[in-house]
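Novice: Before we start, here is the structure in question, set down as structure tokens.
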Amino acid sequence: MSSFPVTRLRRLRRTDRLRSLVRETRLDLESFVQPLFACPGEGVARPIEGLPGIAQRSVDELVREADNLRQLGVRAVLLFGIPEEKDAEGSGAWDEDGIVQRALRALRDAAPDLVLMTDVCLCEYTSHGHCGALEGDDVDNDTTLELLARTAVSHAEAGADAVCPSDMMDGRVGSIRAALDEAGRVETPIVSYAAKYASAFYGPFREAAESAPAFGDRRGYQLDPANVREALRECELDAREGADVLIVKPALPNLDVIRAVRERFDLPVGAYNVSGEYAMLKAAAARGWLDERQAAVESLTAIVRAGADVVVSYWTKELADWL
């Protein structure tokens, strides 16, 4: 390769059209997923303070929002549920008439072309806010597996295109796969939160999903943010158990993990651009400290550049307009 002055790398940076022509990483709206929060009631669109632009919505309002998303070109949503009542086991998670199940049926009828993904976890449904059934003050891993499997099957039967276990129990992908197959749902894919870290960036989400633990924290089952080799072991086990997609969460603090997963596995790799990442940029933009659109697109580009094929992001709706 010749050097300066023969080689001038700035030549291809001179105009926006030249830069676009040789751009290595491009954002494709078809790869993005919009999270939605389903809540009881009718005509409810309750803004979430920590997530500007995001709201808890009743089923009728979710249908309205889904129609808006479809018109913008968004192809996929990820559903979370806020039940009317909670209990120690989180039984609302697999209730045939549960909030996510009702939302799925309504969205399936109203938006048959929309990819409907569901979060499979118990934290929104348990009275204690942890991701599974308790044995004393600890989450009972093996008891929780059956409850997660029941939840996944109920979601598939209500119309989910894919189920997304986010609990971080050992063996949950295998249990869910077996339960789905036994229920005749062999074609329902499992999008596993394979590497979900115990992160400080989940705060606004816990407000949105009303899922903060009543005591302690989730470090006993979510990954230590210092570990990448352990994340790869989690991914390997989930792949062996039948996961169809591997998600890394949160995205921006773990770009190296996304890259490592991409290089190790041939499965599609997902990344969750979580609530704290979104809220930070929103807050800074509100103070005039940065340009939100430019900062958001740069962040999302970094996630895709690291190797993510699918990105769950609260910016999906706005990205549809920007692109």
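The values are calculated or read from the model by the stated rules, or taken from the named source; none is laboratory data. Predicted model only: the values in this text are computed from it and were never measured. We place every Cβ from the backbone using ideal geometry, glycine too, and count neighbours over all the protein chains shown. With ligands, DNA and RNA removed, areas are computed over all heavy atoms of the protein, side chains included. Shrake-Rupley method; radii C 1.70, N 1.55, O 1.52, S 1.80 Å.
Novice: Every residue in region 228-238 that is open to solvent by 20 Å² or more (accessible area, probe 1.4 Å) and within 18 Å of the chain's Cα centre (by Cα), please.
Specialist: GLU234
Novice: Output the residue which, of all residues in region 27-56 that are out of contact with any helix residue (DSSP H, G or I) (no Cβ under 8 Å at 6 or more places or on another chain) and farther than 15 Å from LYS317 by Cα, is least open to solvent (accessible area, probe 1.4 Å).
Specialist: GLY41
Novice: Test of understanding: among ASP140, ASP109, ASP113, which residue is open to solvent by 10 Å² or more (accessible area, probe 1.4 Å), over 18 Å from TYR272 (Cβ atoms) and in contact with a strand residue (DSSP E or B) (Cβ under 7 Å, 6 or more places away or on another chain)?
Specialist: Working: ASP109 fails: in contact with a strand residue (DSSP E or B) (Cβ under 7 Å, 6 or more places away or on another chain); ASP113 fails: in contact with a strand residue (DSSP E or B) (Cβ under 7 Å, 6 or more places away or on another chain).
When all the criteria are applied, what remains is ASP140.
Novice: Which one of the conditions (1) hydrophobic (A, V, I, L, M, F, W, C); (2) out of contact with any strand residue (DSSP E or B) (no Cβ under 9 Å at 6 or more places or on another chain); (3) within 25 Å of ALA279 (Cβ to Cβ) does ALA208 fail to meet, given that it meets all the rest?
Specialist: ALA208 satisfies every listed condition except (2).
Novice: Taking region 283-300 as the search range and keeping residues that are in contact (Cβ under 8 Å) with a residue 40 or more places away in the chain and open to solvent by less than 30 Å² (accessible area, probe 1.4 Å), which one is nearest to LEU246 (Cα to Cα)?
Specialist: LEU300
Novice: Something else now. Looking at region 259-280 only, could you name the residues that are buried (at least 24 other Cβ atoms within 10 Å of the Cβ), in a helix (DSSP H, G or I) and touching an Asp or Glu at 6+ places or on another chain (Cβ under 9 Å)?
Specialist: Within region 259-280, just SER275 meets the criteria.
Novice: If you scan region 112-140, which residues turn out to be assigned to a loop (DSSP other than H, G, I, E, B) and either over 20 Å from the mean Cα position of the chain (by Cα) or over 30 Å from LEU69 (Cβ atoms) (or both)? Before you say what the answer is, go through the steps one by one.
Specialist: From region 112-140, those assigned to a loop (DSSP other than H, G, I, E, B) are 112-114, 121-125, 127-133, 136-137, 140; that's our starting set.
Of everything in region 112-140, those that are assigned to a loop (DSSP other than H, G, I, E, B) and either over 20 Å from the mean Cα position of the chain (by Cα) or over 30 Å from LEU69 (Cβ atoms) (or both) turn out to be PRO112, SER127, HIS128, HIS130, GLY132, ALA133, GLY136, ASP137, ASP140.
Novice: Every residue in region 187-230 that is assigned to a strand (DSSP E or B), in contact with an Asp or Glu (Cβ under 7 Å, 6 or more places away or on another chain) and of a type outside the set (Val, Ile, Thr), please.
Specialist: Taking region 187-230 as the starting set, the residues that turn out to be assigned to a strand (DSSP E or B) are 190-197, 223.
Subsequent filtering for residues that are in contact with an Asp or Glu (Cβ under 7 Å, 6 or more places away or on another chain) retains 190-192, 194-195, 223.
Matches in region 187-230: SER192, ALA194, ALA195, LEU223.
Novice: What number of residues in region 241-258 are touching a Gly at 6+ places or on another chain (Cβ under 8 Å) and either assigned to a strand (DSSP E or B) or open to solvent by 50 Å² or more (accessible area, probe 1.4 Å) (or both)? Give the derivation first.
Specialist: Filtering region 241-258 for residues touching a Gly at 6+ places or on another chain (Cβ under 8 Å) gives 241-242, 245-248, 250, 258.
Imposing the further condition that a residue be either assigned to a strand (DSSP E or B) or open to solvent by 50 Å² or more (accessible area, probe 1.4 Å) (or both) reduces the set to 241, 245-248.
Within region 241-258, residues that are touching a Gly at 6+ places or on another chain (Cβ under 8 Å) and either assigned to a strand (DSSP E or B) or open to solvent by 50 Å² or more (accessible area, probe 1.4 Å) (or both) number 5.
Novice: If MET1 satisfies all but one of (1) open to solvent by 40 Å² or more (accessible area, probe 1.4 Å); (2) hydrophobic (A, V, I, L, M, F, W, C); (3) within 26 Å of SER166 (Cβ to Cβ), what's the number of the condition it fails?
Specialist: Result: MET1 passes all but (3).
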